[in-house]
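One structure is given here, and the rest of the page talks about it.
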Amino acid sequence: MQYKLQTIIKISKVLSSEVNKILPPVDVIRECALLAQTNKNIREINIGHTEKGHPIKAYEFGNGKSPVLFYGFPDPGEAIGGTTILSLLRALSEGNKFLSSLDITWHFIPCLNFDDQPNEGKILSNVFRDPNIREVDWCVSNPRSETTALLNYAKTISPLLTLTLHDEYHSGASMPVYVIPTREIQPDTAEQIRACLKSFGFKFNSKYHHKTMGEGFETLANIIVTWGVDKEDYNNSTFKQLTKYGLVAGSELSQQEGITPSVLVAAQIAISLILINSVLI
Ligand SMILES: [Zn+2]
């Protein structure tokens, strides 16, 4: 662990300071492509296509020791991650000193699942998942093309940490936060994430209380049982596949009264940087 929590909190706020709204997929995709066109240090890669044939792109930056993978828009309207990725990619392209100082190769998939986004990806709206549509992260045994694109790309980069940017933004409801790593993380790392998000004004979901990680944390394999999902389904998830390379973690942030889009993005960035700081450096 290299950086103090206060440093990460400050950096996360700076990195999200220009966010005034959470962007829809089309805007995120366009802005990431523009950054890649104007900055030769960003590598744009075609990693596959959606079921309906939309290209899925990844953007890479740096040549550090530890590969870290972020992917956004995994499910309909789960939109915070797209703006988080754009904020990080923009800061990297502008030579942000803190991000550049980390010994990391950054891998971003701004929009994994374009097909299922509301309003053809042009406008965000509150939406719930259609139970008849297979979720890209939960169909490894009979994969969608998005699932294959993600797993094939991960195979080429072996990410030591994957930030799977699911969220509860799509519902429009205000819910307390919870964090779901694939394995137990150190109690002090969990405590840092809690302290950081509480300082931003978030409440934690006390329904989940892991014995060592504490309030608002549970491992993925355990949490799905509380959702009524069969324990065996974990084996059918991309998350399980990605644990071959390292830790996989997600968090469930939602819209909250008094929490601006900028703070939502700051929270997602902070969780990512705290995990990078404690797991990789
Ligand atoms: Zn989701």
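Observations, loosely collected:
- For Lys122, the lysines whose Cα comes closer than 25 Å to its Cα, not counting residues fewer than 8 places off in the same chain, are Lys21, Lys52, Lys57.
- Whole-Å distance, taken between Cα centres, linking segment 91-117 and segment 212-281: 18
- Across all directions, the average projected area of the convex hull around the alpha carbons of the chain is 13.1 nm².
- Å³ per residue enclosed by the Cα convex hull of segment 178-271: 104
- Taking amide H atoms as placed 1.01 Å from N in the peptide plane, the amide H of Gly246 has no partner under 5 Å among residues 5 or more positions away or on other chains.
- Of Asp115, Asp130, Asp188, the one that fluctuates the most in a GNM where the chain has Cα springs shorter than 10 Å: Asp130
- Within the same chain, aspartates and glutamates fewer than 8 places from Lys211 are excluded, and of the rest, those with a Cα less than 14 Å from its Cα are Glu184, Asp188, Glu191.
- If you take the alpha carbon atoms of segment 20-136 and fit the smallest convex hull around them, that volume is 106 Å³ per residue.
Throughout, read-outs are computed from the coordinates displayed, never taken from laboratory work. Only a predicted model underlies this, so the values are computations on that prediction, with no experimental measurement involved.
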